[in-house]
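These notes concern the structure reproduced below.
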Amino acid sequence: MSHHYSGPNIGFPRGDARLDLTDLYAFPKPGDPGKSIFIMNVHPSVGLNPPGPTTAEPFAPAARYELKIDTDGDAVANISYEVRFSSFEGGEQSATLRRVEGAQAVETGADGKVIVEGAPVSTGREGHVTQAGDHRFFAGWRSDPFFFDVLGTLDKFQFASGDFFADKDTCSIVLEVPNSLLGPKEVDLWARTLIPADSAGGGWIQADRGARPNQTPFLAGEQNDAYLAGEPADDARFVPVFAHALEHTGGYPPEEAMRVAGKLLPDLLRYDPKRPASFPVNGRALIDDVSDVFLAILTNGKVTGDNVGPHNDFLDEFPYLGPPHIIRSK
């Protein structure tokens, strides 16, 4: 189900919905091919385990939310956009955006150049957009753009429940970036959330990470924890785990399962700003039916869709995501 509920037993990483990376999108800016839009969604508004609404606090103030960009094809970050948030007080929260380049982009917890400071986080229908030089930034509650029949999938692919996310919200970090700041070639992307290792400031722990949708259903138990804490450059170690899931669920022969699993890893979203976005070929647009792609791979073509289509509340302009279904402002 995309990357929603990526923790153990369809729960949240570290038991905290605010750390749950749900989706990553990358596409050329409509009407301006010289810029790109990156959307990192976290914090589902409703959980499955435990069921029910999550906290109204959008982002965890102790955490870091990062977009990693590899510009040379080695699955190691060369650029990182990092967002930190203030405490949630009186129904309000603010964000600071930094850009980190070079060797520091690989480091966990590195500080970089401040691009935006004190940007208001949106909790109502109106989206607070911050312009900072050649960057544009948004953070806050939005209508969840992901579409999927979650309950039908859990019911042995009996798709009769409709789109679970049609009335759900998520917390979005949206960036508009000039392509000139991404380098001359296609890039590989992933996102992650980090929490302090301890209260004394002794480093950081990676709580969640992801790029391509629907990767974590291949993992269980200790493998889930290891995957979420891992780096794309080390993902080859998970190929046998993915292959086993493909054999079990899709009936793949062992050699074919290994071949398909190898195409799913490392967990990176490849994006060429000069081409239209279309998952899984290039980036990911908001209307791409990634669930149908996932179902066809998981079941070896036995199931090709969940009878659910894109939402209709997208905006024509930044931040592109529709307003939230529930208003959480004062």
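Of the listed requirements (1) of a type in the set (S, T, Y); (2) at pLDDT below 95; (3) open to solvent by less than 20 Å² (accessible area, probe 1.4 Å); (4) outside any helix (DSSP H, G or I), Y320 misses just one: (2).
Condition check ((1) within 23 Å of P232 (Cβ to Cβ); (2) in contact with a Phe, Trp or Tyr (Cβ under 7 Å, 6 or more places away or on another chain)) across all residues:
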residue	(1), (2)
A26	yes, yes
K29	no, no
P33	no, no
M40	yes, yes
G47	no, yes
P51	no, no
E57	no, yes
A63	yes, no
L67	yes, yes
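Under the condition of being among the basic types (K, R) and over 15 Å from V187 (Cβ atoms), which residue from region 227-286 is surrounded by the fewest Cβ atoms within 10 Å (Cβ to Cβ)? Across region 227-286, the extreme among qualifying residues is K263. The C-beta contact set for region 272-285 (first residue aromatic (F, W, Y), second residue part of a loop (DSSP other than H, G, I, E, B) and open to solvent by less than 70 Å² (accessible area, probe 1.4 Å), distance under 6 angstrom, 6+ apart or interchain) comprises F279/D288. Residue pairs whose Cβ atoms lie under 6 Å apart, separated by 6 or more positions or on different chains, with the first residue in region 136-150 and touching a residue at least 12 places away in the same chain (Cβ under 8 Å) and the second surrounded by fewer than 24 Cβ atoms within 10 Å (Cβ to Cβ) and in a helix (DSSP H, G or I), are F148/S291.
Give the residues of region 191-244 that are acidic (D, E) and farther than 26 Å from F146 by Cβ, sorted by residue number. Break it down stepwise before answering.
To start, the set of residues in region 191-244 that are acidic (D, E) comprises 198, 208, 222, 225, 231, 234-235.
Hits for region 191-244 are D198, E222, D234.
Please verify whether S291 is without any contact (Cβ under 8 Å) to a residue 40 or more places away in the chain and of a type in the set (S, T, Y), treating the condition exactly as stated. The answer is no for S291.
Considering region 57-114, the residues that are closer than 18 Å to C171 by Cα and without any contact (Cβ under 8 Å) to a residue 24 or more places away in the chain include one that is least open to solvent (accessible area, probe 1.4 Å), namely T96.
The values are calculated or read from the model by the stated rules, or taken from the named source; none is laboratory data. In this text the structure is predicted, and so the values were computed from the model without any measurement. Cβ: placed from backbone, ideal geometry, glycine included. Neighbour counts: every protein chain shown. For accessibility, only protein heavy atoms count, side chains too; no ligands or nucleic acids. Shrake-Rupley method; radii C 1.70, N 1.55, O 1.52, S 1.80 Å.
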